[in-house]
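Here's the structure we're looking at; comments come further down.
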Amino acid sequence: MIQSKFPELLHGGDYNPEQWMKQKDTIWRQDMEYARKAGINTLSIGIFSWSFLEPEDGVYDFAWMDEVMDNLAANEIKAVLATPSGARPPWLAEKYPSVLRMTNERMRRVYGGRHNSCLSSPDYRRKVTEINTRLAQRYANHPALAIWHISNEYNNDCHCPLCQARFQEWLRARYGTIDQLNDCWWNSFWSHRYTSFEQVESPTSPSWLGENESPAAQLAWKRFCTDNLVDFFNMEIAPLRQATPDIPVTANMMGTFTGLDYYKLGRAMDISSWDNYPQWTGDERDVAVSEQSAFKHDLMRGVSDQKPFLLMESSPSAVNWFSCNRIRTPGTLMYQSMQAIAHGSDSVQYFQFRAGRGGSEQYHGAVINHTGSANTRVFREVTDVGAALKQIAPVAGSVTRNQVALLYDWNDRWALDIAWFLHRGNQKYEETVLDHHAALSMQGIGIDMIDQDSEIDAYRVVVAPMAYLIRDGFSEKIEKFVQNGGRLVLTYASGYVNEESLTFQEPNPCLLHSIAGIRVDEIDALDDRRTNHFIWNGKRYEVKEVAELSTLDGAKQLAGYEEQFYAEKPMLTVHPYGDGCCYYIAARTDADFLCDLYDKVLAEAGISLLATEMTDGVKVTARYDGDNQYVFLMNSSHAKGTATVTKPMRDLQTGELIDGMCTVQPMSIRVLVSAN
Ligand SMILES: [Zn+2]
């Protein structure tokens, strides 16, 4: 794996000079001038350039790209060079129709749009390999080449016969025999036992068309789509690895996008990267928007096991696909940019550098707007971000050292989304993990996101909300963690099914109930009109939406439900286990309870806080290099905030010495440094 350390923080964005091919004498020259002026040191090119790079099948034109690469090098700008598979030219679909995806209604798409090629098509794979090989060989030794940007926002699935065949091949490799698949999928239900792998098809939509009600089949399809995509990704990077073994590869992801298990994709790359488009409001609702963004930054760092990541895209102003597209209010761009760095990004990059005159993204925010002038508020704010990134350049390459891990596993999410129980289709897995992230981050700590495959020995607290599906090996790992002194927080809806989405034949939370010290007897879905309550440490809290009825089996009850037939049943328990312990939360609550609980759990675990006495909307993270600790105090409130740092520090941008209480201006971030 190639180290992603750059000597400086990257600042740049998606650059589409091919849209201005006929005005390159003016526009291209101005682009370089403006990039220098804005402190841009990185531009992503070639993402949607296939029809210019290969205007006809087998006819290549790299002369224009040579010129762009030379321009970048001459201006000391790094190229994040893309493979063009995100969108293909019309001739390719016309000549090789197998590249066109088939929908889950089994309809072949016609040419158009982007991100819609069949990843199983041998023709598509061959054409992508050919053009990637030529790009790699041509620019292997070009001084501008810094990073490979693989495709763009890989997403969604294809249901064509080629994909069905690969799915069946994948099933054969996973299950060995059709009998085993039938058993794992519980196909004795509704007389669905297959007699050959060739009978198995991908899930359909609408439901009357075919199979779309088998949880195991749907889960298998999700897993296959990720594996097929990672296989395609590895095929894309093979010629790049051969020609440029030292150039890191990345593919830009999309936060909590449900279509792919990003841990699998993230672990296949050298640097993870993602596109962040928070819907800032310009008022106090920004505290919640900021928290969502923080959660996703942590997740995108987590998918490549906590290494620094890249913010590959963000908008310097409005986006254009929400129903209400607000521009960034003054200062929001700086906050959004510095927040990414605070959570482990080594870059701030935008979509897009120059606004195109047409196409569906003609009104998407850009560093340079349609007037082509640098005398705009957005351009000045981008320039300010460039200057700030230079001031905090020592942060580049530094890493996090968090003591608390929070589980977000795509398998849990998928299995819950698919499951026919509770609030079917609305299990709120993402919202629940986000609630725990928010409550933890209010304590004055940074948080690592993990999946069930992650190493957890180095953490002191692991929080696993709605760990519904227990993959092979996870319960043993958790047991060892708690035995060795770790603190585990488990919640309702954990340990219900195995890796194949089959229920266990023991009490929930299965495989974990000896650690939790409780046995769940029933789980209930509460509608909006039904709540319950409990009192803990003298304070009364509300229960909503999901509640379990359990029996103690070794755990100590800290709080019981108040009302109805739930009364006195355990709502919050703790169970000492080995040198550690397990807290179990039996029902969904509001944030106030989670905040109070984590205040206690983190104190018991001896977690070092990065800051204390933070006012509403203030959060904190830290990054470390060999010598220094960098603390980021973030205030997403539109009122002035304060926090108390736990040791004397220096403001990396102003040089001010901070000892004790630190003021943070509304919607702004301070970067403090001290010796480790
Ligand atoms: Zn296909």
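The values are calculated or read from the model by the stated rules, or taken from the named source; none is laboratory data. This one's a predicted model, so the numbers in the text were calculated from it and none came from an experiment. Cβ sites come from the backbone with ideal geometry, for glycine too, and all protein chains shown count toward neighbours. Ligands, DNA and RNA are stripped out before the accessible areas are found, and what is left, the full protein with its side chains, is counted by its heavy atoms. Shrake-Rupley method; radii C 1.70, N 1.55, O 1.52, S 1.80 Å.
Out of all the residues in region 67-88, which are assigned to a loop (DSSP other than H, G, I, E, B) and either at pLDDT below 95 or more than 30 Å from the chain's Cα centre (by Cα) (or both)?
Within region 67-88, Asn75, Glu76 qualify.
Name the pairs whose Cβ atoms lie under 6 Å apart, with the first residue in region 96-109 and more than 16 Å from Leu209 (Cα to Cα), the second within 9 Å of the ligand (Cβ to nearest atom) and of a type in the set (Gly, Ala, Ser), and 6 or more positions between them or separate chains?
Pairs found: Ser98/Ser121; Val99/Ser117; Val99/Ser121.
Looking at (1) open to solvent by 20 Å² or more (accessible area, probe 1.4 Å); (2) in contact (Cβ under 8 Å) with a residue 24 or more places away in the chain, find the lone condition where Gly358 falls short.
(2)
Results for (1) assigned to a strand (DSSP E or B); (2) without any contact (Cβ under 8 Å) to a residue 40 or more places away in the chain; (3) charged (D, E, K, R), shown as yes or no for each residue.
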residue: Lys480; (1), (2), (3): no, yes, yes
residue: Leu488; (1), (2), (3): yes, no, no
residue: Gln505; (1), (2), (3): no, yes, no
residue: Asp527; (1), (2), (3): no, yes, yes
residue: Arg540; (1), (2), (3): yes, yes, yes
residue: Glu548; (1), (2), (3): yes, no, yes
residue: Gly560; (1), (2), (3): yes, yes, no
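Please specify each residue of region 424-447 satisfying the condition of being open to solvent by 50 Å² or more (accessible area, probe 1.4 Å) and either touching a Leu at 6+ places or on another chain (Cβ under 7 Å) or not aliphatic (A, V, I, L, M) (or both).
Passing the criteria: Arg424, Gly425, Asn426, Lys428, Glu431, Asp435.
Looking at region 397-412, can you tell me whether even one residue there is in contact (Cβ under 8 Å) with a residue 24 or more places away in the chain, out of contact with any Leu (no Cβ under 7 Å at 6 or more places or on another chain), among the hydroxyl-bearing types (Ser, Thr, Tyr) and open to solvent by less than 20 Å² (accessible area, probe 1.4 Å)?
yes
Confirm whether Pro215 is more than 21 Å from Arg125 (Cα to Cα) and within 16 Å of the ligand (Cβ to nearest atom).
So Pro215 does not fit the description; no.
Residues being out of contact with any helix residue (DSSP H, G or I) (no Cβ under 6 Å at 6 or more places or on another chain) and in a helix (DSSP H, G or I): count how many of those fall in region 268-292.
6
Tell me whether region 24-40 contains one or more residues that are under 28 Å from Arg267 (Cβ atoms) and open to solvent by less than 40 Å² (accessible area, probe 1.4 Å).
No, the conditions are met nowhere in region 24-40.
Would you mind telling me which numbered condition in (1) open to solvent by 60 Å² or more (accessible area, probe 1.4 Å); (2) modelled with pLDDT of 95 or more; (3) in contact with a Ser or Thr (Cβ under 9 Å, 6 or more places away or on another chain) Val497 fails?
(1)
Checking Glu568 against (1) part of a loop (DSSP other than H, G, I, E, B); (2) over 34 Å from the mean Cα position of the chain (by Cα); (3) closer than 20 Å to Asp435 by Cα, which test does it fail?
Answer for Glu568: the failing condition is (3).
Just give me the residues in region 232-253 being more than 17 Å from Ser85 (Cα to Cα) and either touching a Ser or Thr at 6+ places or on another chain (Cβ under 7 Å) or outside any helix (DSSP H, G or I) (or both), in sequence order.
Of everything in region 232-253, those that are more than 17 Å from Ser85 (Cα to Cα) and either touching a Ser or Thr at 6+ places or on another chain (Cβ under 7 Å) or outside any helix (DSSP H, G or I) (or both) turn out to be Thr244, Pro245, Asp246, Ile247, Pro248.
Could we say that Ala555 is surrounded by 21 or more Cβ atoms within 10 Å (Cβ to Cβ), in contact with a strand residue (DSSP E or B) (Cβ under 9 Å, 6 or more places away or on another chain) and either touching a residue at least 24 places away in the same chain (Cβ under 8 Å) or assigned by TED's automatic domain parsing to the domain that holds Thr491 (or both) here?
Criteria met by Ala555.
Within region 608-618, how many residues turn out to be on the phi < 0 side of the Ramachandran plot and buried (at least 21 other Cβ atoms within 10 Å of the Cβ)?
4
Consider Glu201 carefully, then state whether it is acidic (Asp, Glu), within 16 Å of the ligand (Cβ to nearest atom) and open to solvent by 40 Å² or more (accessible area, probe 1.4 Å).
yes
Do we find a residue being among the acidic types (Asp, Glu), farther than 20 Å from Gly344 by Cα and either touching a residue at least 12 places away in the same chain (Cβ under 8 Å) or not assigned by TED's automatic domain parsing to the domain that holds Gly444 (or both) anywhere in region 637-658?
Within region 637-658, one or more residues are among the acidic types (Asp, Glu), farther than 20 Å from Gly344 by Cα and either touching a residue at least 12 places away in the same chain (Cβ under 8 Å) or not assigned by TED's automatic domain parsing to the domain that holds Gly444 (or both).
Find the residue count for region 332-348, including only residues that are of a type outside the set (A, V, I, L, M) and open to solvent by 30 Å² or more (accessible area, probe 1.4 Å).
Count: 0.
Scan region 559-576 for residues that are surrounded by fewer than 23 Cβ atoms within 10 Å (Cβ to Cβ) and more than 26 Å from Asp528 (Cα to Cα) and jot them down.
Within region 559-576, Val574, Pro576 meet the criteria.
So Thr400 passes all but one of these: (1) under 30 Å from Asp524 (Cα atoms); (2) within 23 Å of the chain's Cα centre (by Cα). Which condition number does it fail?
Every listed condition holds for Thr400 apart from (1).
What is the number of the single condition among (1) open to solvent by less than 10 Å² (accessible area, probe 1.4 Å); (2) within 11 Å of the chain's Cα centre (by Cα) that Asp286 does not meet?
The single condition Asp286 does not satisfy is (2).
Please determine whether any residue of region 625-643 is touching a His at 6+ places or on another chain (Cβ under 9 Å) and buried (at least 23 other Cβ atoms within 10 Å of the Cβ).
Checked region 625-643: at least one residue is touching a His at 6+ places or on another chain (Cβ under 9 Å) and buried (at least 23 other Cβ atoms within 10 Å of the Cβ).
Please enumerate the residues belonging to region 518-552 that are surrounded by fewer than 21 Cβ atoms within 10 Å (Cβ to Cβ) and within 27 Å of Phe474 (Cβ to Cβ).
Hits for region 518-552 are Arg519, Asp521, Glu522, Ile523, Asp524, Ala525, Leu549, Thr551, Leu552.
Pick from region 293-307 the residues that are open to solvent by less than 10 Å² (accessible area, probe 1.4 Å) and in a loop (DSSP other than H, G, I, E, B): which of them is farthest from Asn411 (Cα to Cα)?
The residue in question is Ser304.
This table checks each residue for (1) closer than 30 Å to Met667 by Cα; (2) buried (at least 22 other Cβ atoms within 10 Å of the Cβ); (3) touching an Asp or Glu at 6+ places or on another chain (Cβ under 7 Å); (4) among the β-branched types (Val, Ile, Thr).
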| residue | (1), (2), (3), (4) |
| --- | --- |
| Val230 | no, no, no, yes |
| Met235 | no, no, no, no |
| Ala238 | no, no, no, no |
| Leu265 | no, no, no, no |
| Ala268 | no, no, no, no |
| Tyr277 | yes, no, no, no |
